[in-house]
Amino acid sequence: MTKPIRYPVTERALIQRLNRNLSHEHLRVKKTREGRSSLDLGDYYILDIHRNAIAEHHLSLPDLVDMAKERKILRAFENLVTE
């Protein structure tokens, strides 16, 4: 039996796909920089562009993968690879 082919998707590509999908809701995924903001917001957060407010925070990469799968952005034959 052959193993199913899995296509790699980078972290950057995943975030770009999410941002394109979330743009219809005026939201954007942001990655925090090192320092105080990382402690306050976590690794990733979602910014509401119209209100200039944080919509969601303390997101990790697995959270983004789950969000992408729910929104059908990351297909079953694709897997995330870390850069």
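Every helix of 4 or more DSSP H residues in the chain counts as -39500 (n - 2.57), and over all residues that averages to -9500 deg cm²/dmol at 222 nm.
Calculate how many DSSP beta bridges within segment 4-83 are antiparallel, expressed in % of all such bridges and rounded to the nearest 5.
Numbers: 9 of 13 bridges.
Given both bridge residues lie in segment 4-83, the antiparallel proportion sits at roughly 70 percent.
Applying the criteria of a DSSP loop state and at most 12 other Cβ atoms within 10 Å to the chymotrypsin sites (Phe, Trp or Tyr not before Pro) of segment 11-83 yields Phe77.
The C-alpha atoms of the chain define a longest principal axis, and helix 11-22 lies at about 70 degrees to it. For the chain, relative contact order (Cα pairs under 8 Å, six or more residues apart, normalised by length) works out to 36 percent. Taking the accessible area of the chain, probe 1.4 Å, and keeping the other protein chains in place, the carbon and sulfur fraction comes to 50%. The dipole here belongs to segment 1-82: it is taken about the Cα centre, uses +1 on the Cβ of Lys and Arg and -1 on the Cβ of Asp and Glu, and is about 380 debye. Once the Cα atoms are used to define both axes, helix 61-70 deviates from the longest principal axis of the chain by about 70 degrees. Accessible area per residue for the chain, computed on protein heavy atoms with a 1.4 Å probe, is 75 Å².
The values are calculated or read from the model by the stated rules, or taken from the named source; none is laboratory data. Please read all numbers here as calculations on a predicted model, not as lab measurements. Don't worry about glycine lacking a Cβ; one is built from the backbone with ideal geometry, like all the others, and counts go over all protein chains shown. Each accessible area value is taken on the protein alone, full model and side chains, heavy atoms only, with ligands, DNA and RNA left out. Shrake-Rupley method; radii C 1.70, N 1.55, O 1.52, S 1.80 Å.
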